[in-house]
Amino acid sequence: MTSSTAAKTRRREAPADRPALLLAWYDRHRRRLPWRAAAGERADPYRVWLSEIMLQQTTVKAVGPYFEKFTSRWPDVSALGRASLDDVLRMWAGLGYYSRARNLHACAVAVLNDHGGIFPDTEDGLRALPGIGPYTAAAIAAIAFDRRTMPVDGNIERVVTRLYAIGEPLPQSKPRIQQMAATLLGPSRAGDEKSRAGDEKSRAGDSAQALMDLGATICTPKKPACSLCPLNEDCAGRARGDQETFPRKAPKKNGMLRRGAAFVVTRGNELLVRSRPEKGLLGGMTEVPGSEWRAGQQDKAALAQAPELKAVARWHRKAGVVSHVFTHFPLELVVYTANVAARTRAPDGMRWVAVATLAGEAFPNLMRKVIAHGLDL
């Protein structure tokens, strides 16, 4: 057989070999992550679930310390289900996308009360829980229970679109990506014990984590290390030479700039705060009083929404603005400050907290920036 014939034979056989090549690579190069079970150990569904919720829209580096804090304080889902939402929000503060924290708590309560502290082991059962969508259900089912399903996160999207040169832009290409990602599942291990669903036990969880690791360490967004990739011989994107152009994405629509005001009021060594409504952006988090956030809002209109405090004769505007970018819009806040007398009562729905204890409050990053600006911290 000539070398060219052998190469063609390898390319023709490669699709069937991909899962095995991927798992062999993973066995050598798997990342050590706080929530990941060691090779040969059974994954803890609680740790898998907690990490998957935290990793939504957040990097592994940022999640690590929060994961350690949560598992130290609440070592299992039953302990988390018995915690108060306020405590969970305080521990979550700074991680962003706070609806995740509310759903996290609601899910823990549901698992504790409705399932005896044990996670359902099927995708359908997991999807019935608060805050668990199709991807998260598939990830937990595969990694924690070895169900033969392939979750598709951003890393896996990148690997699959490059491997198959899927040119249709996201999100329209998601069904095709899901279909092709499933072809990379490792084979069932014939002869192993049967799972509760009756299917042969597989390495589905390892296959999913292998693709995640491949995307995070080799098939990176910029300058992928294609020479080190176990799937490089049959990668369509690499063969074309335009692998960095995948995945293709539709143009992103940026939201209009919104403007508003924040009011930093001190009473001696105390700060005036309130809690945001449970539903909506930053739901349930702590904040200083502020105006509505509107596109094109003028400073005078925002100032007119200051909290009603008779002790405030004049608001002092701080120089500059506090800027923040949410998923759907950028925000600029003008900060006003005032000091009030020792016996000044907080308006309805607000409260005074000691400045020394602010670190323990459930402030989102935006409010921490506002307070730092207002108090010259």
Residue with peak Gaussian network fluctuation, the chain [Cα springs, cutoff 10 Å], from ASP27, ASP86, ASP146: ASP27
What the Cα atoms of the stretch 258-374 span along the principal axes, largest first and in whole Å, is 41, 31, 24
Any residue on another chain or 5+ positions along whose placed amide H is under 5 Å from the amide H of ALA165 is listed here as ALA236, GLY237
To the nearest 0.05, how large is the calculated FRET efficiency for LEU170 and CYS226 if R₀ is 25 Å and r is the Cβ-Cβ distance? 0.70
Under the Karplus curve 6.51 cos²θ - 1.76 cosθ + 1.60, θ = phi - 60°, whole-Hz ³J(HN,Hα) for the stretch 206-215, x wherever Gly or Pro sits: 5, 4, 5, 5, 5, 5, 4, 5, 4, x
Percent of Cα-Cα pairs per 10 Å bin, from 0 to the last occupied bin, for the chain, please list those. 5, 20, 24, 21, 16, 9, 4, 1, 0, 0
Whole-Hz Karplus couplings 3J(HN,Hα) for the stretch 359-366, θ = phi - 60° and coefficients 6.51, -1.76, 1.60, Gly and Pro as x, run 4, x, 7, 8, 7, x, 4, 4
Helix-only mean residue ellipticity at 222 nm for the chain, each DSSP H run of n ≥ 4 adding -39500 (n - 2.57), per residue, nearest 500: -12500 deg cm²/dmol
With 31 Å as the limit, write out which pairs from LYS61/LYS249; LYS69/LYS252; LYS249/LYS318; LYS61/LYS318; LYS174/LYS222 have Cα-Cα distances beyond it, or answer none. LYS69/LYS252; LYS249/LYS318; LYS61/LYS318
Highest-MSF residue in the chain out of VAL264, VAL88, VAL340 [GNM, Cα springs under 10 Å]: VAL340
Say we join alpha carbon atoms closer than 10 Å with springs in a Gaussian network model of the chain; which of THR183, THR220, THR327 then has the biggest fluctuation? THR327
If you stretched the chain out fully between ALA359 and ALA182, how much longer would it get, using 0.36 nm times the residue separation minus the C-alpha to C-alpha distance? 59.2 nm
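Can you give the convex hull volume per residue for the Cα atoms of the stretch 131-191, as a whole number of Å³?
Working: hull volume 5.3 nm³, N = 61.
So the per-residue hull volume is 86 Å³.
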How many angstrom lie between the C-alpha centres of the stretch 214-272 and the stretch 118-149? 25 Å
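So for each of 155-166, 98-109 I average, over its residues, the number of other beta carbons within 10 Å; can you give me the resulting order with the highest mean first? Kindly include the intermediate steps, with their values, before the conclusion.
Working: 155-166: 23.7, 98-109: 20.0.
The peptides rank, most packed first, as 155-166, 98-109.
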Enumerate the calculated ³J(HN,Hα) couplings along the stretch 289-296 in order (Karplus 6.51 cos²θ - 1.76 cosθ + 1.60, θ = phi - 60°), each rounded to whole Hz, writing x wherever the residue is Gly or Pro. x, x, 8, 5, 9, 10, 5, x
If amide hydrogens are placed 1.01 Å from N in the peptide plane, which non-local residues have theirs closer than 5 Å to the one on LEU170? ARG248, LYS249, ALA250
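Here, each number is a calculation from the coordinates, and none is a lab measurement. Everything numeric here is computed off the predicted structure, so don't read it as measured data. Counting neighbours? That spans all protein chains shown, and the Cβs are built from the backbone with ideal geometry, glycine included.
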